[in-house]
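These notes are about the structure you will find just below.
The values are calculated or read from the model by the stated rules, or taken from the named source; none is laboratory data. Here the structure is a predicted model, which means the values were calculated and not measured. Here the Cβ positions follow ideal geometry from the backbone for every residue, glycine too, while neighbour counts run over all protein chains shown. Heads up: the accessible areas ignore ligands, DNA and RNA and are worked out on the full protein's heavy atoms, side chains in. Shrake-Rupley method; radii C 1.70, N 1.55, O 1.52, S 1.80 Å.
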Amino acid sequence: MGFPPRRSVTLFTVLVAASPIGPTPVAAQPANARVDSLFSFATPTTPGCAVAAIKDGQLLFARGYGLADIEHQVAISRQTPFYMASTSKQFAAGAINLLALDGKLSLDDDVRKFVPELPQFGAPITVRHLLTHTSGLRDYFGLFGMAGYPSDYPITNGAFLEMMRRQRTLNFPTGTQYSYSNSGYVLLSIIVERASGQSLRDFSAERFFTPLGMRSTQFRDQHNQLVPNRALAYGRNARGEYVHAVPYFDVVGDGGLYSTVEDIARWEANFLEPKVGGVEWLRLEQMRGRLNDGTTIAYGAGLMHGKFRGDSIIEHGGSLGGYNINLLRFPARRMSVAVLCNDNTRSASQLSRGVAEIFLGDVLAPVSATAATPTASSPPATTSTDGNTLAKFTGTWFSPSTNLVRRVVADQGRLYFERALGSRSELASVGVSRFVIMTMNTTAIFSRRADSLRLEQDGAPAQLFVRVTPPTKALSAYAGSYRSAELRATMTVTPRDSIIMLRTESGDSLRLTGVFVDGFSGALFVRFLRGAGGTVTAMEVSAGDRARNVRFERMR
């Protein structure tokens, strides 16, 4: 993403008076053209995005690019509803905070007060833990995926609660870590219903959407529910043809909201002058979470706090199926950007930052030289600042606490950090064994002997990775079928040369490569467990760091 030329700040004084539903002012045309260029990838024959820049709760700019419905050639407009995916979480959190102010619940209530179906895991899980992703509850996406359910299965509250009822362990002791959990926000939607007597859909309509004039915003809690004029979402098949990629879940809270950029402007206005909720509600909305040890984390009530070019920002993105969303707020500037897309070929987060730079580029702090994207003319970073070749840092890295596997590779004289195969970010040297991971706002610090790696990010606890070496022994000891009581599902392991194939109940075969003895990584991470005599007796399966160590016993 490039940085646009500087522009006069006086543009804002012209635009502040613009009506939130009126025509785009002529004075904004230079900025409009630059936004048009940023979204030029969306054509009259492809999916695209709805985009809004919002100042003082009013639309400075709002426009649609591309098609909302390819089959019927319906263009995206500023009035097109999009599935908001995880950006929905701030609305569920807002409902919970209203109920707290109503006296219907306390943020420190044990969740089992409202959801007794949830097992006891030791220390109580509170409503506040759910809001801040510090509960330790496994993410239901990973659990249903491991159990063999297809990604578009219409999961209901009943199926969700049954899955959670069978869980026996957490990702971590409650309150000790932050780990994003969609399960927590589905539970919040259930708590809203049981505390208020209304579904999250009806409660939000009565308390938020109707008072704020958000006429095109609703929670869709039935997968066959009609949403007038909505944008469908798209992916591509093996032949490169567009196909539908629309979620069909019945659970909400973690997602499920449909809205337009025009309605988002009304929502943002309420964060400046809270017509709904008042100043105490606004205080609850802006609170960040805290771990048991007192560490303040970046996440709060459905919102992530951070920094961008010297300014404090509050944002949340979302991605599910082909939908790709980001809502970015600059509180000190009374400015927000909404980018709602119906395919996943571009990052809505990066696009929203690009729009922000068009409208705020002259008042934000200058771009740091260390954070600037290298150009084709930049000299190759063939050595680190301590004089060692980049090969010193390459290899496979494993986090014992989260079961995440990452790789550092060198390519044509540059160093890259790989989160997944084919997904890489360049590492820019900023000191002795210190690098900035481009696009991730993360610093990577290698130990002196490069046998450990520490990732640091503002507002998040540091992550420690250790260097690991792939196994060299034969893999036949892992062959067999394994059964999980928590998932009521079976997986079959078949060794094949230097890899293992993991077959799920859905029939999917996953290729996993060895990262260390008894540890294998791919779409899932598997660690095999051994009993007396060294015989493999079980395996623990993790879906990223959000659903960790689900135990599968070896079947005899």
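Values for this structure:
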| item | result |
| --- | --- |
| Residue match in the range 477-498 (condition: closer than 26 Å to T174 by Cα and of a type in the set (F, W, Y)) | no |
| Residue satisfying condition, being within 25 Å of the chain's Cα centre (by Cα) and surrounded by 14 or more Cβ atoms within 10 Å (Cβ to Cβ), within set S484, S521 | S521 |
| The range 101-144, residues that are closer than 21 Å to A301 by Cβ and of a type in the set (D, E) | D102, D108, D109, D110, D139 |
| So E418, is it touching a Pro at 6+ places or on another chain (Cβ under 9 Å), open to solvent by less than 50 Å² (accessible area, probe 1.4 Å) and on the phi < 0 side of the Ramachandran plot | no |
| Every residue from the range 53-78 that is in a strand (DSSP E or B), farther than 22 Å from W267 by Cβ and touching a Leu at 6+ places or on another chain (Cβ under 7 Å) | D69, V74, A75 |
| Qualifying residue in the range 179-189 (condition: modelled with pLDDT of 95 or more and surrounded by fewer than 21 Cβ atoms within 10 Å (Cβ to Cβ)) | yes |
| Sole residue being within 30 Å of A159 (Cβ to Cβ), in contact (Cβ under 8 Å) with a residue 40 or more places away in the chain and surrounded by fewer than 20 Cβ atoms within 10 Å (Cβ to Cβ), chosen from G213, G302, G235, G310 | G235 |
| Number of the condition not met by L118 [criteria: (1) crowded, with 17+ Cβ neighbours inside 10 Å; (2) touching a strand residue (DSSP E or B) at 6+ places or on another chain (Cβ under 9 Å)] | (2) |
| Considering residues of the range 316-341 that are part of a loop (DSSP other than H, G, I, E, B) and of a type in the set (G, A, S) only, the residue least open to solvent (accessible area, probe 1.4 Å) | G322 |
| Enumeration of residues in the range 199-241 that are within 18 Å of K89 (Cα to Cα), under 26 Å from the mean Cα position of the chain (by Cα) and among the basic types (K, R) | R201, R220 |
| Which numbered condition A31 fails, given (1) in contact with a helix residue (DSSP H, G or I) (Cβ under 8 Å, 6 or more places away or on another chain); (2) at pLDDT 95 or above; (3) buried (at least 16 other Cβ atoms within 10 Å of the Cβ); (4) in a helix (DSSP H, G or I) | (2) |
| Scope the range 513-538; condition touching a residue at least 60 places away in the same chain (Cβ under 8 Å) and part of a strand (DSSP E or B); matching residues | V515, F516, G519, S521, F525, R527 |
| Residues that are surrounded by fewer than 18 Cβ atoms within 10 Å (Cβ to Cβ), more than 24 Å from the chain's Cα centre (by Cα) and part of a loop (DSSP other than H, G, I, E, B), drawn from the range 269-299 | E273, P274, K275, V276, D293, G294 |
| Lone qualifier among V493, V409 - being at pLDDT below 95, among the β-branched types (V, I, T), on the phi < 0 side of the Ramachandran plot and assigned to a strand (DSSP E or B) | V409 |
| The range 342-351, subset open to solvent by less than 40 Å² (accessible area, probe 1.4 Å) and more than 15 Å from the chain's Cα centre (by Cα), residue nearest to M440 (Cα to Cα) | L351 |
| Which listed residue is modelled with pLDDT under 95 and not aliphatic (A, V, I, L, M), from T217, T260, T295, T210 | T295 |
| Failed condition for P470, given (1) more than 24 Å from Q350 (Cα to Cα); (2) within 26 Å of the chain's Cα centre (by Cα) | (2) |
| Every pair of residues 6+ apart whose Cβ atoms lie under 8 Å, when the first sits in the range 260-287 and is closer than 19 Å to R333 by Cα while the second is among the acidic types (D, E) and in a loop (DSSP other than H, G, I, E, B) | A269/D56; L272/D56 |
| One residue from R194, R168 being within 18 Å of E486 (Cα to Cα), surrounded by fewer than 24 Cβ atoms within 10 Å (Cβ to Cβ) and not polar (S, T, N, Q) | R168 |
| Any helices (runs of 4 or more DSSP H) falling wholly within the range 79-198 and containing at least 1 residues that are over 30 Å from V227 (Cα atoms), over 19 Å from the mean Cα position of the chain (by Cα) and in contact (Cβ under 8 Å) with a residue 24 or more places away in the chain | 89-102, 127-131, 140-146, 157-165 |
| Filter result for L502 (within 25 Å of S181 (Cβ to Cβ), in a strand (DSSP E or B), in contact with an Asp or Glu (Cβ under 9 Å, 6 or more places away or on another chain) and not small (G, A, S)) | yes |
